[in-house]
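Bear in mind these aren't lab numbers, they're just calculated from the coordinates by the rules spelled out. Note that this is a predicted model, so its numbers are computed, not measured. Neighbour counts run over all protein chains shown; Cβ positions are idealised from the backbone, glycine included.
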Ligand code: NAD
Ligand code: LMR
């Protein structure tokens with residue numbers, strides 16, 4: 001094993017998602033079985049003991065790939081030399097809150113963290129924001145990191161993507177692994193548009209398979225509009241209601257999927273990630289919006305040239321409109 005260790009910074013490492021992330025990352029889930037890792041855990045003072053406890057347990061787990069664990073309450077130190085950064089630390093929403101309610105509460109965290117990444121992260125740093133409202137927090141962080149290419153800042157919509165796979169597989173009696181080319185468009189919020197119009201299973205069109213399964217094209221459309229789209233888009237609230245707190249292990253797993261595919265490349269069709277828009281599909285440049293993406297040579301590339309129905313265009317515009325409102329709100333708050 002001769003690879004150089006990769007430094008991974010995890011914020012909110014003393015929290016729920018942090019705890020679900022650390023042990024999988026230390027066992028090689030992002031970078032594979034041959035790449036050693038150094039973990040930098042960032043917390044606020046109230047979360048330090050929990051992060052320190054996790055660091056003790058990491059030592060006790062004796063992961064062969066784990067070279068070092070440091071715990072910090074100083075963002076500049078925690079991001080120094082970071083190759084990968086998972087920005088999880090933020091307050092989660094509780095029952096009855098919308099993600100927008102978190103804008104002011106959590107927005108203030110991401111400017112200083114963006115500045116710390118700008119100041120000291122490695123030249124190849126790649127950032128995923130998990131803390132909500134994730135898309136706009138990524139926008140805030142990127143706007144404080146003028147020397148880091150904008151394409152290095154992303155937000156997590158892989159959880160929504162994976163939720164869509166789970167719902168489709170259950171309805172069609174297929175496996176998640178046989179599904180290709182599902183897309184989440186827009187914001188990681190209830191306005192997101194989970195889109196199956198280009199999706200396939202073993203080369204067969206998912207809309208056709210749904211028609212066959214559900215008794216015709218009208219029934220399939222009704223299922224998509226009335227069940228599938230709202231179920232996926234509001235799954236976060238469903239989990240909060242059923243579990244009593246927001247999703248943890250599935251969120252951590254999705255963040256690992258996002259980082260693994262970014263570093264190692266996508267293999268079978270595209271996935272979904274929120275990336276800084278270059279104007280593709282009419283999404284205003286600079287907004288951090290979810291798109292169909294492939295990872296090629298370590299960079300997310302937006303899949304181009306997809307035909308969009310009037311319905312899809314309308315749904316995407318609604319979610320992108322919300323992102324523009326969030327951008328305007330954080331501008332008003334002086335956060336960008
Ligand atoms: P949690 O409350 O268990 O943990 C959050 C941790 O962040 C706490 O330990 C807290 O001390 C720490 N923290 C707060 N401010 C910080 C800062 N400035 N720097 C470093 N650490 C800080 O919450 P959780 O369940 O782990 O969720 C974390 C975030 O992830 C929430 O915003 C939640 O809404 C979000 N989330 C996003 C997705 C997604 O798909 N994008 C999915 C699930 C949860
Ligand atoms: C989720 O989608 O589960 C998270 O973003 C948590 C939430 O507030 O919905």
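What the table shows:
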read-out: Diffusion constant of the chain at 20 °C, which comes from Stokes-Einstein with the Kirkwood Cα-pair radius and 1.002 mPa s, µm²/s; value: 106 µm²/s
read-out: Rh by Kirkwood over Cα pairs, then Stokes-Einstein D for segment 6-155 at 1.002 mPa s and 20 °C, µm²/s; value: 140 µm²/s
read-out: Relative contact order for the chain, counting Cα pairs under 8 Å that sit 6 or more residues apart, in percent; value: 17 percent
read-out: Most mobile listed residue (265, 100, 279) in the chain, GNM with C-alpha springs under 10 Å; value: 279
read-out: Cα-based equivalent ellipsoid of segment 245-336: semi-axis lengths in Å, sorted from largest, via gyration tensor; value: 23, 19, 14
read-out: In nm, spacing of pseudo-spin labels at residue 264 and residue 104 (7 Å Cα→C-beta vector); value: 4.4 nm
read-out: Mean residue ellipticity (222 nm) of the chain, computed from DSSP H runs ≥ 4 via -39,500 (n - 2.57), nearest 500; value: -13000 deg cm²/dmol
read-out: Kirkwood-based Rg to Rh ratio, segment 226-269, C-alpha trace; value: 1.12
read-out: Simple label model, 7 Å out from Cα along Cβ direction - residue 285 to residue 123, nm; value: 2.6 nm
read-out: Kirkwood Rh, Cα atoms: Rg over Rh of segment 150-201; value: 1.01
read-out: For the chain, share of DSSP beta bridges that run antiparallel, in % to the nearest 5; value: 45 percent
read-out: Amide N proximity, segment 25-65 versus residue 4 label position 7 Å along Cα-to-Cβ, cut-off under 15 Å; value: 35-38
read-out: Of 276, 242, 37, the one that fluctuates the most in a GNM where the chain has Cα springs shorter than 10 Å; value: 242
read-out: Relative contact order of segment 23-142, defined on C-alpha pairs under 8 angstrom at six or more residues apart (%); value: 26 percent
read-out: Approximate spin-label separation residue 57-residue 212, in nm, with each point projected 7 Å along Cα-to-Cβ; value: 4.6 nm
read-out: Rg/Rh (Cα only; Kirkwood hydrodynamic radius) as it applies to segment 37-123; value: 1.02
read-out: Whole-angstrom Cα spans of segment 134-250 along principal axes, big to small; value: 53, 35, 24
read-out: Theoretical gain in end-to-end length, residue 94 to residue 331 [0.36 nm per residue, Cα-Cα removed]; value: 82.8 nm
read-out: Segment 158-328: equivalent-ellipsoid semi-axes (sqrt of 5 x gyration tensor eigenvalues, Cα, Å); value: 23, 19, 18
read-out: Max mean-square fluctuation residue, GNM over the chain, Cα-Cα springs under 10 Å, options 218, 181, 101; value: 218
